[in-house]
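Okay, so here's the structure we're looking at.
The values are calculated or read from the model by the stated rules, or taken from the named source; none is laboratory data. These numbers come from a predicted model, not from an experiment. No Cβ is skipped: glycine too gets one built from the backbone with ideal geometry, and neighbour counts run over all protein chains shown. With ligands, DNA and RNA removed, areas are computed over all heavy atoms of the protein, side chains included. Shrake-Rupley method; radii C 1.70, N 1.55, O 1.52, S 1.80 Å.
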Amino acid sequence: MPTTVFVVGSLNADQLLEVLAFPAPGETVLASDVLITAGGKGGNQAVAAARAGAAVVMIGALGDDAHGLLVRRALTESGVGTGWVGTVDGTHTGTAVVAVEAGGENRIIVASGANARLTGQDVESGLAGAAPGDLVLLQLETPVEVVAYAARFAKERGATVLLNAAPAPADSGCLTTDIDVLVVNQVEMRAVARLIGAGGDADGREDVAATVLATSRALDCVVVCTTGAGGAYVNVGDRVAHIPAVRVTAVDTTAAGDTYTGYLAAALARGETDLTASLTTASAAAAVTVTRRGAMASIPYAHEIDAAPRPHPYTDNTQLTTKG
Ligand code: RIB
């Protein structure tokens, strides 16, 4: 039976500014170029899942402005269902200023706009059709209480819940046992672990593995922690596997984490149970994203991954089971 990835999350217009180096406090620097493109962690992950081959429905909110039209068009062109993407009158579309330094590192500031107006009612309408086998994908650029509600609502319908706790949470409201799979980077891992009392000094390799395990026990879920060039760590039960990263020359790391999460979501919704194999593919997809500029625009299609470099073929047939 075909399954669906439902994404409840943010939609932004990204103002991408390319700089040689980030300004120091009090300093002004000139950007060599500016690009306005569709982004937002929710939208990027929806596009990644769709380009990975999943049927995707987006639940989100846009402003009644030109940026809203730009983002809606970008979702539609990638085959993402936008029937539950509302337009909020008198509100601007979420806006992100993304400064990208030579070498691809970024710094991002987001003005939430319409994303802050997403409601529990929107979640109920958009997720009404969610069923066992479907996957509900969440991030933290929409109100935290709406995220927590979406996770509960999804679980009640038997769907699998994947939370990408990005940006790093400021409170523990969304960190519940409704989560089946938690995806975080190292900064987010530290924040999550501190909030739930599971340690938090995820610096060295052993610390990351220990924090992954402690967090997974506290939330009763699978935890995936990405560490950039250091690869990713994932636990299943009491074991932590390490998946190496692909080495590429980055031009813009924006949406790399979103690509990774969206590709993982698509694999889980397809019923792939070999988690390390799915994460290896996700890593290969994210490696393509960092070689291109922009957010949604940089996310590869599945056929582009087949030819892309991967970490050495990796599978230990680690199995994912989700909570009932
Ligand atoms: O993860 C990258 C995204 O973060 C950007 O597209 C920007 O909109 C912010 O949400």
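Here are some notes:
- Only residues that are within 16 Å of the ligand (Cβ to nearest atom) and surrounded by fewer than 12 Cβ atoms within 10 Å (Cβ to Cβ) were counted in the range 18-60, giving 1.
- Test: residue in the range 150-165 that is at pLDDT 95 or above, part of a loop (DSSP other than H, G, I, E, B) and either closer than 28 Å to Asn106 by Cα or of a type in the set (Asp, Glu) (or both): yes
- All strands (runs of 3 or more DSSP E) inside the range 75-116 with 1 or more residues being acidic (Asp, Glu) and surrounded by fewer than 19 Cβ atoms within 10 Å (Cβ to Cβ): 94-101
- Within this structure, Ala255 passes the test of being at positive phi and either within 16 Å of the ligand (Cβ to nearest atom) or touching a His at 6+ places or on another chain (Cβ under 6 Å) (or both).
- Single condition Ala214 does not satisfy, out of (1) in contact (Cβ under 8 Å) with a residue 60 or more places away in the chain; (2) open to solvent by 20 Å² or more (accessible area, probe 1.4 Å): (1)
- Residue check, Gly79 more than 16 Å from the ligand (Cβ to nearest atom) and out of contact with any helix residue (DSSP H, G or I) (no Cβ under 8 Å at 6 or more places or on another chain): no
- Val161, sole failed condition from (1) away from the ligand (no atom under 16 Å from the Cβ); (2) surrounded by fewer than 23 Cβ atoms within 10 Å (Cβ to Cβ); (3) free of Cβ contacts under 8 Å to residues at least 40 places away in the same chain: (2)
- Cβ pairs under 6 Å, 6+ apart, first in the range 70-84 and closer than 16 Å to Gly126 by Cα, second basic (Lys, Arg) and open to solvent by 50 Å² or more (accessible area, probe 1.4 Å): Thr82/Arg72
- Residue list for the range 289-324, restricted to those being at pLDDT below 95, open to solvent by 60 Å² or more (accessible area, probe 1.4 Å) and among the hydrophobic types (A, V, I, L, M, F, W, C): Ala307
- Any hit, the range 117-134, residues being closer than 28 Å to Ala287 by Cβ and within 16 Å of the ligand (Cβ to nearest atom): no
A quick yes/no check of all residues on (1) out of contact with any Gly (no Cβ under 8 Å at 6 or more places or on another chain); (2) farther than 18 Å from Arg292 by Cβ:
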position	(1), (2)
Pro25	yes, yes
Asp33	yes, no
Gln45	no, no
Arg73	yes, yes
Glu77	yes, no
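- Strands (runs of 3 or more DSSP E) wholly inside the range 221-275 that include at least 3 residues being open to solvent by 30 Å² or more (accessible area, probe 1.4 Å): 239-243
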